[in-house]
1. Give the residue that is modelled with the lowest pLDDT, with candidates limited to residues of the range 67-105 that are more than 28 Å from Thr182 (Cβ to Cβ) and of a type in the set (Phe, Trp, Tyr).
2. Against the condition closer than 17 Å to Leu198 by Cβ, in contact with a Phe, Trp or Tyr (Cβ under 7 Å, 6 or more places away or on another chain) and among the β-branched types (Val, Ile, Thr), how does Ile8 come out, does it pass?
3. Check Phe180, Phe152 and return the single one that is within 15 Å of the chain's Cα centre (by Cα), surrounded by 14 or more Cβ atoms within 10 Å (Cβ to Cβ), modelled with pLDDT under 95 and of a type in the set (Phe, Trp, Tyr).
4. With the requirement that a residue be hydrophobic (A, V, I, L, M, F, W, C) and more than 23 Å from the chain's Cα centre (by Cα), what does the range 65-104 give you?
5. With the checklist (1) under 30 Å from Ser126 (Cβ atoms); (2) surrounded by 14 or more Cβ atoms within 10 Å (Cβ to Cβ) in hand, flag the one item Ser40 doesn't pass.
6. Would you please name the residue that is surrounded by the fewest Cβ atoms within 10 Å (Cβ to Cβ), looking only at residues in the range 200-231 that are closer than 22 Å to Val178 by Cβ and touching a residue at least 60 places away in the same chain (Cβ under 8 Å)?
7. Just for the range 119-143: of the residues that are in contact with a Ser or Thr (Cβ under 7 Å, 6 or more places away or on another chain) and not in a helix (DSSP H, G or I), which one is farthest from Gln78 (Cα to Cα)?
8. With the checklist (1) over 18 Å from Gln78 (Cβ atoms); (2) part of a loop (DSSP other than H, G, I, E, B); (3) of a type outside the set (A, V, I, L, M); (4) without any contact (Cβ under 8 Å) to a residue 40 or more places away in the chain in hand, flag the one item Pro175 doesn't pass.
Amino acid sequence: MADIHITIHNKTFATATEPTIADFTLSLVSGEFVCLVGASGCGKTTLLNIIADLDYDYDGDIVVGQQHKSPKIGYIFQNPRLLPWRTVRENIELALPDDYAGDVVDNLLDIMQLTPHQHVYADRLSLGMGRRVSIIRAFAVNPELLLMDEPFVSLDPPTARQVRALLLQLWQQRPHTVLFVTHDLREAITLADKLIFLSANPMQIISEVLVAIPRNERNNELAVENFRQQLLNEHPDIKQLL
């Protein structure tokens, strides 16, 4: 894995008079889990689409290591985007080359507790299980960068906690650089090594904060809440972004 540096001088939609993103620079250290936190509509998804080469209409540059190129991406959307007429395993395998190693998928299914359901068709899955399949599919391609766009936003709290815990277990066993979008500060603190807070009109970084809670204490809701309160007290400008 290599460090990734993203520079966007300007991103303006054709129907807009003002840029959505301007004078924006973001550096991701290899293996780092970074959460972007900002209000809805500030440009977070636009940023992910630019990084993923889904939007070419911008002025800027992406550097992976020393190469000016887009990184190999695994993209996890808000909607799992599974083919309902395919099974769990088939949906994962569609993203892989023909000569992929079957034990890789086996291991991922095991970590995400989906081995008993690997031959179930996608339209029979709960939303939480569908999210787990989309996470496996993204990890399976062994990307240089995992993009996650509020993947747990519509889950009930117990299911969201379960899937977050499984995601962290998978990430710790198979480290990847992750850029995770959320507007939930508690979720961001639970997951991230670093928090990046974003303004809008245009989107710019206003604060970067390292999460000081040891990872083995992230399931302690009181520790997370205490850090959240400390963060809001020290950075009062963050409150308007949530």
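The values are calculated or read from the model by the stated rules, or taken from the named source; none is laboratory data. It should be emphasised that the depicted structure is a prediction, and the values quoted were computed from it without experimental measurement. Every residue, glycine as well, gets a Cβ built from its backbone with ideal geometry; the counts of neighbours run over all protein chains shown.
1. The selected residue is Tyr100.
2. For Ile8, the condition - closer than 17 Å to Leu198 by Cβ, in contact with a Phe, Trp or Tyr (Cβ under 7 Å, 6 or more places away or on another chain) and among the β-branched types (Val, Ile, Thr) - is met.
3. Values: Phe180 fails: modelled with pLDDT under 95.
Checking each option against the conditions leaves just Phe152.
4. The answer is Trp85, Ala101.
5. Here Ser40 clears every test but (2).
6. Among them, the one singled out is Ile205.
7. Among them, the one singled out is His119.
8. Of (1) over 18 Å from Gln78 (Cβ atoms); (2) part of a loop (DSSP other than H, G, I, E, B); (3) of a type outside the set (A, V, I, L, M); (4) without any contact (Cβ under 8 Å) to a residue 40 or more places away in the chain, only one is false for Pro175: (4).
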